[in-house]
Every structure is written in C-alpha cells, then in structure tokens.
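Participant: Sharing a structure, written as structure tokens. Questions coming.
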Amino acid sequence: MKELSKAYEPKKYEDGIYKRWLDSGFFNPENLLNTKGQYVNILPPPNANGEMHIGHASGYVVMDLLGRYHRMKGEKTLLLPGKDHAGIQSQVVYEKKIKKERGITRCDLGREKFYDEIFSFCKDRAQYMREQEKKIGLSADWSREKFTMDPELVKVVLDTFVKMYNEVDKNGNRMIYQGERIINWCPRCFTALSDVEVEHLEQKAKLYTFKYNKDFPFSISTTRPETKLGDTAIAVNPKDERYKKYIGKIFEVDFVGLPLKIKIIVDHEVDSTFGTGALGVTPAHSAVDWEMARKNDLPIIKVIDEHGKIHEGFKKFSGMPVNEAREMIVNELREHKLLEKEEDYPNNLSVCERCQSAIEPMVSKQWFVNVDHENFSLKKAARKAIENDEIKIYPERFKDVMLNWIDNIRDWCISRQIWWGPRIPVWYCARCEDDRNNISKVSFTNDSNHANIKIKSRVGKIPVAVGEKPLVCPVDERHGNNMLFQDEDTLDTWFSSGQWAYSTLGFPNGKDFKEFYPSDMMVMGRDILPFWAFRMIIMSLYCTGQVPFKNLYFTGLIRDEKGQKMSKSKGNGIDPKEVIEKYGTDAVRLSLLIGNSPGNDLNLGEEKIAGFRNFTNKLWNICRFMLLNIDKPKADVKKPVGKTLADKWILLRLNDVASQVKYCIENYNLSMAGEKLRDFTWGTLADWYLEMAKIEGKKSEILNYILNNILKLWHPFMPFVTEQIWQEIYKDENCLMIQKYPEFKLSSNGSAIDEFTSYIVDIITSIRSLRADYKIEPAKKINVAISAGQAEKFLNSNEEIIKGLARIENLKISKKLDKPQGSIGFVSFGVEVFIDLLGLVDTGKEKERLSKEIAAVEPYLIGLEKKLSNQEFVSHAPKEVVEKEKQKLSEGQEKLKKLKEQLKNLI
RNA sequence: GCACGCCUAGCUCAGUUGGUUAGAGCACCUCGUUUACACCGAGGGGGUCAGGGGUUCAAAUCCCUUGGCGUGCACCA
C-alpha cells in the first residue's frame with residue numbers, strides 16, 4: 001500500500017473524483033441499490049443568464065450536504081437540478097449584449113428571432129453554470145435537469161393558467177382575470193411589474209406647495225407637480241374644520257393653461273397635519289388615489305404614457321419627459337406667484353428591481369391572479385399550511401415573517417410586456433370586438449430602446465378563447481382563425497417558477513411526480529421569500545392539493561468580511577471559481593457551512609477559507625498517519641474492544657460525537673455539526689489520541705475503525721478529500737459516497753472513562769505549562785512525583801503516556817508522598833503533582849504562583865458555600881444540581897488545603 | 001408607522017427548553033522540527049455577555065425599558 005502524499009492538493013484530484021461519481025451513476029436514484037425510504041430535493045433554479053456566485057454556492061453546499069447524508073443513510077436520494085429563464089432579467093441582459101456586440105435592439109430582430117436567440121443564450125449559460133455547480137461538488141441527477149422554458153414545463157404552466165381562468169365563482173369572478181388597475185410600470189423594461197419587483201430607494205426630493213390657480217380656495221403639496229395635470233379631486237380629512245364648507249363642491253380651474261375639474265371629497269387616509277391637509281387626487285398615477293377614485297367614482301385621467309412621457313392632449317406638455325414637464329410647471333407656477341413653498345423632502349423613490357429605473361405607477365389593463373378567490377383562497381390555503389406546520393420552516397422565526405407577508409398580499413399582476421417567457425394563452429378575435437374603436441390599436445414610437453414596438457390597446461378586448469389556439473373563432477365560426485390574435489404579453493417569471501416543485505416532475509401523470517412529490521426539502525435565499533416561497537406554496541396547493549415540500553430552509557446573504565453586500569461595482573465579491581482554484585472545494589464548502597446559520601447573513605473573507613484549507617490538509621495528514629499505523633486497511637472493520645484507557649476513551653468520544661453530529665444534521669444545525677466534528681478530529685483525535693497511540697503502539701485495528709468512520713462522517717461536508725483518501729485506500733470498493741453512514745447512539749455510561757482521561761490530560765497540560773513557565777527546554781526531560789491518592793492505580797497504568805507527553809525521565813506515582821526537596825507542586829483534581837526543578841526553584845516566584853491560585857479558588861469556594869447554605873437553593877433546585885455543587889465544593893476545598901500546605905512549606 | 005432580527009474576547013461567531021469558575025476559530029505574545037501535518041505542535045494573554053430595571057434559589061439565556069445597528073412591509077400628497 002502506498003503512502004499518502006505529504007500534502008493534500010485539491011486541484012490534482014477534484015475533477016477526477018467528480019468524474020468517478022458521475023461514472024458510478026449514483027447521482028441517479030434509480031441506480032441506488034437496497035434503498036429504504038427516500039429523500040427528494042428539487043433544487044432551486046438559478047437564473048440562466050449569468051454564472052454561479054457565492055450565494056448560489058452557499059445554498060448548494062447545504063443542499064448537497066443533506067443529499068449526501070441521506071444517500072449514505074441508504075435513502076433513495078434525488079437532487080433535481082435546473083435553471084430558470086428569468087424573463088425580465090434575461091431579456092435585460094440579452095438586450096444589453098446585442099446592443100453592445102451588434103448595435104441592435106430586440107425590435108431589429110423581431111419577436112420570434114429574439115425569442116429564439118435568447119433561448120439558445122440561456123441554454124448556453126445553463127451549460128456553463130452546470131460546470132460550476134459540478135465544481136462545488138453538487139451530487140445532482142443531471143439526467144433529470146430541467147429548464148423553465150422546456151416545452152413540457154411550459155405546458156404545465158399554461159395549463160394552470162387555463163385552470164385558474166376557468167375557476168369561476170357564482171358571481172362570475174375568475175381566479176385569473178383581466179382588469180384595469182393601477183400597476184407598477186417600468187419605462188425602461190417597458191413592462192408592468194408586480195409589487196415585489198419594485199424596490200424603494202431613499203432620495204432627496206422637493207415638496208412643492210401651490211395653488212392650481214389664484215381663484216382656487218386652497219393649496220396642495222406634492223413632489224410630482226406634473227402628475228397634477230390628471231387631478232380630478234381634492235381629498236381632505238373629514239374632521240378637518242378648515243375645509244368642511246367645501247366638501248362635495250366641484251371646481252373648474254385652469255391649471256397651467258389646462259382645464260381641471262376638481263371635486264372636494266373626504267377620506268380618512270388624509271393626514272390633516274401633512275402639508276396643507278389637502279391632497280390632490282391623481283387616480284391614474286398613485287395607488288392610494290386610485291382607491292379613492294374607485295370609492296368616489298371619480299374620472300381617471302392618464303397623464304404619463306408607457307415611455308415616461310406626458311400623454312397626448314396636454315398641449316405644450318405632451319410628449320415631454322416627466323422631469324422636464326415638472327420643471328416647466330414649477331417655473332410657470334413660480335412666475336404666476338402660485339408657488340408658496342419649495343422644501344427639501346426625503347422620500348422613497350420606487351425603482352425597478354432589475355434595472356433600477358424609476359417606476360411610474362399607472363393605470364393599465366393587465367392580467368391578475370385573485371389570491372383570495374371564493375372557490376379556493378390561495379392566501380388562506382397557504383396560511384393554513386404554514387400555521388399547521390405542514391411546511392416546517394427553518395429558522396422558525398421566518399414563519400412569522402411569512403404569515404405577516406401573506407396577510408398583506410394583494411392580487412398578483414402576472415402579465416408582462418416582454419417577449420421572453422411563456423406567452424399568455426389567450427386569443428382575441430378582431431371581428432368579435434363589440435366596440436370597433438377598441439380593436440387592436442397599434443401605435444409606434446421613436447424611443448430609441450423601444451423603436452417600433454407595438455403598444456396594443458389595453459382597453460376593452462374580450463378573449464374568445466383561452467388555451468391552445470382554436471381552429472376557428474369559437475364565438476362565430478365565420479370569422480375563421482385568421483382574425484384571431486394572441487395576447488401580446490408573457491407571464492411573470494414567478495408564475496413559472498412557482499410551479500417548479502411539480503412541473504419538473506412531469507405533473508400530473510409522470511412517474512417521477514407520483515414517486516417523488518412532494519419533496520422533502522427546499523433551500524432558498526431569504527431574499528426571495530416573498531417572490532418564490534409564497535408563490536410555490538399557493539400554486540402547489542391549488543394544482544396538486546399538496547404542499548410542494550415538507551421543509552423550507554432559508555439561507556442568508558453572503559457578505560464580505562466587513563459585512564457589506566458583495567457587488568461587482570465594489571469589487572468586494574468572492575468568486576467561487578477563484579477560491580475553489582486557490583483553496584479547494586472542500587475548504588470553500590466548510591467556510592460556507594461552519595459559522596453560518598439558517599436565515600442569517602454570513603460575513604466571509606478569504607482568511608476564513610484559508611483556515612479551512614488548513615483543516616482539509618490536517619485531515620489528510622491525520623489519515624496519512626493512521627494509515628502508516630494500520631497493517632492492512634479494511635473497509636468493513638467491526639467496532640473493536642478498547643484495550644487501554646486511551647482506546648476506550650477515543651471510542652467513547654467517537655461514539656458521542658457521531659450521535660451528536662447526526663442530531664445536529666437532522667435538526668438542520670449544520671454549523672454545529674461541523675464544529676463538533678472538527679473539534680473531535682483536531683482537538684481530541686489528533687492532539688491527544690494519536691499522540692497517545694504513538695506511545696502505546698499496536699493500534700492497527702482501532703485506527704482502521706476510526707479512519708473509516710471519520711471519512712464517512714466528514715464526507716457530506718468535504719466530499720472530495722474524503723473520497724480521495726477512500727479511493728487511495730480502498731480502490732476496489734464502491735465510492736465512499738454510497739458507503740453506509742455510521743449509526744451511533746449516545747452512550748449512557750462513559751463518564752468514568754471521561755473522568756479518568758481528564759485527570760491525565762489535566763496533569764500533562766499542567767506540567768507542560770509549568771515547564772514553559774520555568775523555561776525548561778522542550779528537549780530536557782524532568783523528574784516528577786505524584787501523590788495520587790485514589791487515582792494511584794489508573795495513573796500507574798497510564799504511566800507511559802504521562803511520561804511521554806509531559807517529557808518525564810523518572811515518574812514516581814504513590815498513594816501518598818511528601819513533596820521532594822527542590823520541587824514545585826500543583827493540585828489537579830485530588831492529585832498532587834511535584835516537579836523536580838533541578839535547583840531552579842525560585843521561591844518568590846512560587847509564592848506568587850501559589851498565592852495567585854489560592855486567590856482564584858477562594859472566592860469561588862465562598863460562592864459555592866453561600867449557594868449551598870441557602871435553604872431556598874437546596875430545596876428548589878433539582879437534586880442533581882445540588883449534588884454537583886456539593887461535589888465541586890469538596891473538591892475545591894481539598895485543592896485549597898493542598899495549595900495552602902504547599903505555600904506554607906515554601907516559607 | 002407595523003413587523004422581524006442583532007449587540008458575547010481585537011475580528012467572525014457558538015452558547016437549543018434558565019443550572020460548568022462563559023466557549024471556538026482567526027489575530028496576537030512566548031517557545032519549538034520528537035512515527036503524520038510549519039496548511040504544524042506546546043504554552044499564554046484577552047470578555048462586569050450594549051446600559052438600566054424586573055421575575056427566579058439561580059439569568060448571556062425569560063420579561064420590561066433605554067440606546068446603537070440591520071432587514072422586510074406599508075406610507076411617502
């Protein structure tokens with residue numbers, strides 16, 4: 001058997017190991033033999049337009065750890081990978097690309113060509129990202145990989161649209177309906193957005209206070225004077241005495257040369273202390289005003305168009321970008337002395353989550369999902385599933401966050417005016433339009449980004465068919481199908497990804513769906529909770545009648561070492577490619593697992609990764625050393641009987657750490673699982689047991705047993721190094737990846753072994769410490785005498801270990817002996833240890849050392865005495881606690897007595 | 001405004017139903033090539049657990065409160 005090389009070099013092995021796993025076929029659950037139970041994780045699909053970043057990696061590491069753990073436990077394990085088409089984002093990315101590389105816009109390509117190109121672009125990126133996912137060690141079944149735009153997935157999505165459209169309550173309301181409502185419009189992306197796709201940025205704005213004209217009785221305040229062209233009312237608080245006499249009146253005013261008809265209305269929402277207490281109502285461009293308009297039946301005047309310019313019909317302002325119009329109106333008001341105040345005012349600007357352009361709220365005809373439909377309330381169903389823990393959420397506190405979020409949700413706008421994504425399966429017939437004016441109005445524009453895009457009229461069309469394109473117009477066959485046209489819009493990406501949990505499994509009749517749905521685990525970034533978690537839950541409950549997954553684990557964000565968000569522009573990002581190359585995948589995995597906890601952000605710097613690279617190498621060397629001491633390594637060694645105290649102790653500790661690790665993993669405390677394993681491996685095994693084993697010798701069997709187990713226990717955390725070691729030793733065996741995970745139960749009666757060992761460890765550590773204090777050269781051997789009392793026998797049987805690890809020449813252990821001349825002593829548990837200092841004793845120094853220790857013990861004992869003399873404590877506290885305190889007191893008293901004696905003898 | 005967190009060693013954080021003289025890693029200081037490992041070993045310094053109050057025999061842990069930091073949602077005329 002050849003030795004392991006001196007240092008572990010990840011680069012040398014990782015690709016080969018991954019290939020071996022792939023070739024084994026065990027990523028595919030069908031190939032796993034003799035499975036019992038199953039474990040399914042439909043992996044969240046990253047957007048197929050970029051590359052894997054460290055945030056993805058942190059999620060994958062969790063998913064893969066759990067997957068490998070369950071696979072090794074013998075469960076039929078499926079990690080199903082895939083990619084998301086990411087409608088708006090991919091379209092933005094691809095538009096930028098063709099603009100830069102070819103100087104063209106999507107309109108130059110046309111809808112079909114653009115669609116085809118972006119499809120292959122996403123497929124290319126998906127392939128590239130797949131290679132990165134393999135680098136992180138993801139043990140996914142690539143034969144089942146999916147893409148949200150695969151035809152079979154799109155079919156599921158469209159079928160759901162049809163099903164929801166056909167869900168009609170007794171009043172004729174559909175679950176999916178078309179409505180003219182106020183929505184968020186991004187003039188850059190040229191599409192409607194749902195509420196969650198809008199971000200709010202703090203900005204300094206100006207708050208203008210003015211009158212429409214000098215005849216109008218009172219002034220209003222606004223940050224957006226240009227929208228006032230569309231005001232149809234003034235709202236005041238019903239309790240506001242100042243304006244009571246005007247309520248209900250209608251004023252016709254001239255506002256910067258344009259006529260306005262203003263009704264005075266009341267609304268409780270109006271804060272009479274803000275500004276003048278009078279609010280100009282602009283129904284077409286403010287969500288709150290829109291609601292007021294609906295309640296008061298006010299007319300709605302659209303001021304701003306889809307390009308962010310003033311609509312036709314506003315004379316000199318028409319066609320002007322909003323900012324220019326604002327400036328012009330303000331100037332005009334100033335000239336006419338109507339502007340009363342102009343003050344700085346911090347407010348939040350709504351911007352597009354994808355491109356950061358300012359959002360225009362506007363009234364528009366869009367498709368919506370009614371989240372509280374009478375036949376099936378998506379929101380109530382989701383609430384119930386979460387409340388009843390049908391989906392368990394980690395960390396638990398996110399349950400409240402989700403419930404709070406569900407309670408505030410409003411109808412979901414699912415239509416997008418983009419080309420990339422599944423197109424809404426709704427058909428209209430030009431001939432069937434009731435109102436000829438409403439037939440597909442087409443307008444053209446000169447906007448550079450959106451040249452020649454058709455803006456279809458979003459008013460008044462009635463679908464004639466929903467679903468596949470009919471052969472003839474279903475309303476009137478004489479119209480045939482050449483008068484049929486499909487809705488121009490595509491579906492919100494989250495309408496697709498919301499169905500990922502089952503569309504990937506061949507819903508509704510596929511074999512995988514029947515076998516693997518619902519899945520066991522979903523791991524997702526906490527930032528997409530409102531986008532995705534909620535949508536997956538509602539869609540799944542409605543379509544499949546079941547929850548999509550039984551457990552939901554949220555990861556936090558990965559930040560830089562200073563806690564700042566990683567971003568390309570700041571250049572503070574950690575690129576997984578680079579750090580994997582530099583430190584190896586296992587080190588990167590550990591740095592994302594240990595010290596990280598569900599839902600919390602993680603600050604990550606390269607130093608941390610380097611630390612785990614060191615540990616990877618340490619593990620390699622621990623195994624290297626063990627191998628040097630194993631005669632003929634076997635993959636299936638039974639648990640040996642420990643011969644010495646050290647053996648019994650390490651078996652006990654291995655047993656306990658393994659059962660704790662299992663407990664931690666099953667409760668998703670992966671960080672603690674890793675920490676416990678590391679402490680055992682480095683602190684217990686390497687620093688103590690292996691050193692003891694060097695002295696005791698003949699450890700072949702037990703080392704073999706520990707080696708096998710430690711590789712298995714570490715495998716889910718650091719699959720590459722463990723597999724490589726396994727392969728070096730057991731070439732002919734199956735991969736470590738599918739070896740049986742060790743089963744251990746927490747031992748009940750090992751405390752005596754632990755206690756004895758801690759005596760020895762403490763004696764050795766104390767001797768080393770005093771040696772260092774007295775600057776005794778490490779190579780120099782010393783003489784030690786121990787007055788051992790009860791511990792005589794077992795200290796004697798471990799004499800060689802104490803001698804070896806404390807570098808002792810002559811060790812004398814007796815039940816009772818006096819302090820030898822020229823020595824110094826210390827007390828460890830009940831044992832007195834004397835070190836012959838070879839004439840180096842410094843009485844002053846000793847006095848100080850002993851006094852210092854006495855000074856530390858005394859207050860501790862006083863505390864204990866006080867506690868134990870307190871009747872309340874003795875009667876209230878559990879017996880074990882009281883017993884423990886008593887024992888601590890008597891041990892401490894014994895120690896104090898001995899220390900005092902030593903001090904006395906010194907003088 | 002509503003909600004959810006966080007504040008423990010210089011730094012990053014553990015501390016799971018209240019009960020060890022409060023822990024780890026990194027950094028720092030001293031020393032050091034003995035059957036693996038300098039990506040290492042041995043030893044060491046360093047914290048009144050943000051402040052105040054309360055509950056309790058017992059509080060880093062539970063409750064209230066003040067301050068600081070962060071996040072989500074809403075408002076933002």
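Participant: May I ask you to verify whether A:LYS886 is free of Cβ contacts under 8 Å to residues at least 40 places away in the same chain and within 30 Å of A:LYS780 (Cα to Cα)?
Facilitator: no
Participant: Among the residues in region A:561-573, are any touching a residue at least 40 places away in the same chain (Cβ under 8 Å) and closer than 22 Å to A:LEU65 by Cα?
Facilitator: No.
Participant: Related question: Could you grab me the full set of residues in region A:127-141 that are of a type outside the set (Gly, Ala, Ser) and crowded, with 16+ Cβ neighbours inside 10 Å? Steps first, please.
Facilitator: So in region A:127-141, the residues of a type outside the set (Gly, Ala, Ser) come out as A:127-136, A:138, A:141.
The answer is A:MET129, A:ARG130, A:GLN132, A:GLU133, A:LYS134, A:LYS135, A:ILE136, A:LEU138, A:ASP141.
Participant: Could you check A:ALA779 against (1) aliphatic (A, V, I, L, M); (2) touching a Cys at 6+ places or on another chain (Cβ under 7 Å); (3) assigned to a loop (DSSP other than H, G, I, E, B) and say which number it fails?
Facilitator: (2)
Participant: Restricting the search to region A:488-530, which residues are surrounded by fewer than 24 Cβ atoms within 10 Å (Cβ to Cβ) and touching an Asp or Glu at 6+ places or on another chain (Cβ under 8 Å)?
Facilitator: Result: A:GLY506, single match.
Participant: List the strands (runs of 3 or more DSSP E) inside region A:474-568, counting only whole elements, that have at least 1 residues being within 16 Å of RNA strand B (Cβ to nearest atom) and among the β-branched types (Val, Ile, Thr).
Facilitator: A:549-555
Participant: Moving on. Filtering region A:198-214 down to residues that are more than 8 Å from RNA strand B (Cβ to nearest atom) and in contact with a Phe, Trp or Tyr (Cβ under 8 Å, 6 or more places away or on another chain), which residue is most open to solvent (accessible area, probe 1.4 Å)?
Facilitator: A:LYS204
Participant: Among the residues of region A:790-812, is there at least one that is more than 24 Å from A:LYS643 (Cβ to Cβ) and in contact (Cβ under 8 Å) with a residue 40 or more places away in the chain? Give the derivation first.
Facilitator: As a first pass, look at region A:790-812 and keep what is more than 24 Å from A:LYS643 (Cβ to Cβ): A:807, A:809-810, A:812.
With in contact (Cβ under 8 Å) with a residue 40 or more places away in the chain added as a condition, the list becomes none.
No - not one qualifying residue is present in region A:790-812.
Participant: Can I ask one more? Any residue in region A:147-164 that's closer than 24 Å to A:MET129 by Cβ and in contact (Cβ under 8 Å) with a residue 60 or more places away in the chain: show its pairings with residues that are open to solvent by less than 10 Å² (accessible area, probe 1.4 Å) and of a type in the set (D, E, K, R) at Cβ separation under 6 Å, as long as the two are six or more apart or on different chains.
Facilitator: If the second residue must be open to solvent by less than 10 Å² (accessible area, probe 1.4 Å) and of a type in the set (D, E, K, R), the pairs left are A:PHE147/A:LYS83; A:THR148/A:ASP84.
Participant: Name the single residue that is least open to solvent (accessible area, probe 1.4 Å) among those in region A:824-839 being over 19 Å from A:ALA791 (Cβ atoms) and in a strand (DSSP E or B). Even if it seems obvious, please write down each step before you answer.
Facilitator: Step one: list which residues in region A:824-839 are over 19 Å from A:ALA791 (Cβ atoms), which gives A:824, A:836-839.
So of that shortlist, the ones also in a strand (DSSP E or B) come out as A:824, A:836.
Values: A:ILE824: 1, A:ASP836: 46 Å².
Among those that are over 19 Å from A:ALA791 (Cβ atoms) and in a strand (DSSP E or B), it is A:ILE824.
Participant: Using the structure shown, decide if A:TRP688 is touching a residue at least 40 places away in the same chain (Cβ under 8 Å), under 22 Å from A:SER751 (Cβ atoms) and of a type in the set (A, V, I, L, M, F, W, C).
Facilitator: So A:TRP688 fits the description; yes.
For every residue, the table says whether it meets (1) over 30 Å from A:SER24 (Cα atoms); (2) touching a strand residue (DSSP E or B) at 6+ places or on another chain (Cβ under 6 Å); (3) in a loop (DSSP other than H, G, I, E, B).
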| residue | (1), (2), (3) |
| --- | --- |
| A:LYS731 | no, no, yes |
| A:ASN734 | no, no, yes |
| A:PRO742 | no, no, yes |
| A:ASP754 | yes, no, no |
| A:TYR759 | yes, no, no |
| A:SER766 | yes, yes, no |
| A:SER769 | yes, no, no |
| A:LYS775 | yes, no, yes |
| A:ALA791 | yes, yes, no |
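Participant: Any chance region A:853-876 includes a residue that's out of contact with any Lys or Arg (no Cβ under 8 Å at 6 or more places or on another chain), β-branched (Val, Ile, Thr), more than 11 Å from RNA strand B (Cβ to nearest atom) and assigned to a helix (DSSP H, G or I)?
Facilitator: First, the residues of region A:853-876 that are out of contact with any Lys or Arg (no Cβ under 8 Å at 6 or more places or on another chain): A:853, A:855-856, A:858-863, A:865-867, A:869-872, A:874-876.
Of the ones still in play, those that are also β-branched (Val, Ile, Thr) are A:862, A:874.
Applying the additional criterion that residues be more than 11 Å from RNA strand B (Cβ to nearest atom) yields A:862.
With the extra rule that they be assigned to a helix (DSSP H, G or I), the set shrinks to A:862.
Yes: region A:853-876 contains one or more residues that are out of contact with any Lys or Arg (no Cβ under 8 Å at 6 or more places or on another chain), β-branched (Val, Ile, Thr), more than 11 Å from RNA strand B (Cβ to nearest atom) and assigned to a helix (DSSP H, G or I).
Participant: Further question: Could you please let me know if A:LYS469 is free of Cβ contacts under 8 Å to residues at least 12 places away in the same chain and either open to solvent by less than 30 Å² (accessible area, probe 1.4 Å) or outside any strand (DSSP E or B) (or both)? Reasoning before the result, please.
Facilitator: Numbers: free of Cβ contacts under 8 Å to residues at least 12 places away in the same chain: no; either open to solvent by less than 30 Å² (accessible area, probe 1.4 Å) or outside any strand (DSSP E or B) (or both): yes.
No; evaluated as a whole, the condition is false for this residue.
Participant: Show the residue pairs meeting these rules: Cβ distance below 9 Å; 6+ apart or different chains; first residue within region A:695-706 and within 13 Å of RNA strand B (Cβ to nearest atom); second residue open to solvent by 10 Å² or more (accessible area, probe 1.4 Å) and polar (S, T, N, Q).
Facilitator: Final answer for the pair search is A:GLU696/A:THR644; A:GLY697/A:ASN629; A:LYS698/A:ASN629; A:LYS699/A:ASN629; A:SER700/A:ASN629; A:LEU703/A:ASN629.
Participant: Could we say that A:VAL92 is among the β-branched types (Val, Ile, Thr), at pLDDT below 95 and within 29 Å of the chain's Cα centre (by Cα) here? Talk me through it step by step, then tell me what you get.
Facilitator: Values: among the β-branched types (Val, Ile, Thr): yes; at pLDDT below 95: yes; within 29 Å of the chain's Cα centre (by Cα): yes.
Considered against the rule, which asks whether it is among the β-branched types (Val, Ile, Thr), at pLDDT below 95 and within 29 Å of the chain's Cα centre (by Cα), A:VAL92 comes out as yes.
Participant: Does A:ILE702 fit the bill of being crowded, with 24+ Cβ neighbours inside 10 Å, more than 33 Å from the chain's Cα centre (by Cα) and modelled with pLDDT of 95 or more?
Facilitator: Here the answer is yes, as A:ILE702 does meet what is asked.
Participant: Within region A:340-368, which residues are more than 16 Å from RNA strand B (Cβ to nearest atom) and part of a strand (DSSP E or B)? I'd like the intermediate steps shown before the answer.
Facilitator: Restricting attention to region A:340-368, the residues satisfying the condition of being more than 16 Å from RNA strand B (Cβ to nearest atom) are A:355, A:364-367.
Once the filter is applied, which keeps residues that are more than 16 Å from RNA strand B (Cβ to nearest atom) and part of a strand (DSSP E or B), region A:340-368 yields A:SER364, A:LYS365, A:GLN366, A:TRP367.
Participant: Okay, next question. Is region A:777-791 home to any residue that is more than 20 Å from A:ILE650 (Cα to Cα), open to solvent by less than 20 Å² (accessible area, probe 1.4 Å) and not hydrophobic (A, V, I, L, M, F, W, C)?
Facilitator: Within region A:777-791 (the criterion being more than 20 Å from A:ILE650 (Cα to Cα), open to solvent by less than 20 Å² (accessible area, probe 1.4 Å) and not hydrophobic (A, V, I, L, M, F, W, C)), the answer is yes, since at least one residue qualifies.
Participant: Scanning for something surrounded by 22 or more Cβ atoms within 10 Å (Cβ to Cβ), polar (S, T, N, Q) and in contact with a helix residue (DSSP H, G or I) (Cβ under 7 Å, 6 or more places away or on another chain), does region A:21-41 turn up at least one residue?
Facilitator: The answer is yes, given that some residue of region A:21-41 is surrounded by 22 or more Cβ atoms within 10 Å (Cβ to Cβ), polar (S, T, N, Q) and in contact with a helix residue (DSSP H, G or I) (Cβ under 7 Å, 6 or more places away or on another chain).
Participant: Please work out which residue is farthest from the chain's Cα centre (by Cα), limiting yourself to region A:172-197 and to residues that are more than 16 Å from RNA strand B (Cβ to nearest atom) and of a type in the set (S, T, N, Q). Talk me through it step by step, then tell me what you get.
Facilitator: Within region A:172-197, the first condition is being more than 16 Å from RNA strand B (Cβ to nearest atom), and the residues that meet it are A:172-180, A:187-191.
Subsequent filtering for residues that are of a type in the set (S, T, N, Q) retains A:173, A:178, A:191.
Values: A:ASN173: 38, A:GLN178: 35, A:THR191: 29 Å.
Restricting to residues being more than 16 Å from RNA strand B (Cβ to nearest atom) and of a type in the set (S, T, N, Q), the top hit is A:ASN173.
Participant: Quickly run through region A:173-189 and pick out the residues that are outside any strand (DSSP E or B) and crowded, with 21+ Cβ neighbours inside 10 Å. Step through it out loud before you land on a result.
Facilitator: Within region A:173-189, the first condition is being outside any strand (DSSP E or B), and the residues that meet it are A:173, A:175, A:187-189.
Answer for region A:173-189, where residues must be outside any strand (DSSP E or B) and crowded, with 21+ Cβ neighbours inside 10 Å: A:MET175, A:PRO187, A:CYS189.
Participant: Run A:THR765 past the list (1) modelled with pLDDT under 95; (2) farther than 24 Å from A:ALA791 by Cα; (3) within 14 Å of RNA strand B (Cβ to nearest atom); (4) out of contact with any Ser or Thr (no Cβ under 8 Å at 6 or more places or on another chain) and report the number of the one that doesn't hold.
Facilitator: Among (1) modelled with pLDDT under 95; (2) farther than 24 Å from A:ALA791 by Cα; (3) within 14 Å of RNA strand B (Cβ to nearest atom); (4) out of contact with any Ser or Thr (no Cβ under 8 Å at 6 or more places or on another chain), the lone unmet condition for A:THR765 is (2).
Participant: Follow-up. Could you tell me which residue of region A:364-410 is least open to solvent (accessible area, probe 1.4 Å), considering only residues that are at pLDDT below 85 and β-branched (Val, Ile, Thr)?
Facilitator: A:ILE406
Participant: While we're here: Against the definition (more than 10 Å from RNA strand B (Cβ to nearest atom), of a type in the set (Phe, Trp, Tyr) and over 24 Å from A:PRO321 (Cα atoms)), how does A:PHE274 come out, yes or no? I'd like the intermediate steps shown before the answer.
Facilitator: On the way: more than 10 Å from RNA strand B (Cβ to nearest atom): no; of a type in the set (Phe, Trp, Tyr): yes; over 24 Å from A:PRO321 (Cα atoms): yes.
No: the conditions fail for A:PHE274.
Participant: Out of the residues in region A:648-682 that are near RNA strand B (Cβ under 9 Å from one of its atoms) and of a type in the set (S, T, N, Q), which is least open to solvent (accessible area, probe 1.4 Å)?
Facilitator: Among residues in region A:648-682 that are near RNA strand B (Cβ under 9 Å from one of its atoms) and of a type in the set (S, T, N, Q), the one least open to solvent (accessible area, probe 1.4 Å) is A:SER671.
Participant: Specify the residue that is farthest from RNA strand B (Cβ to nearest atom); the eligible residues are those in region A:582-636 that are assigned to a helix (DSSP H, G or I) and of a type in the set (Lys, Arg).
Facilitator: This residue is A:ARG589.
The values are calculated or read from the model by the stated rules, or taken from the named source; none is laboratory data. Not measured: the values here are computed from a predicted model. Using ideal geometry, Cβ is built from the backbone for each residue, glycine included, and neighbour counts are taken over all protein chains shown. SASA here: full protein model, heavy atoms, side chains in, ligands and nucleic acids out. Shrake-Rupley method; radii C 1.70, N 1.55, O 1.52, S 1.80 Å.
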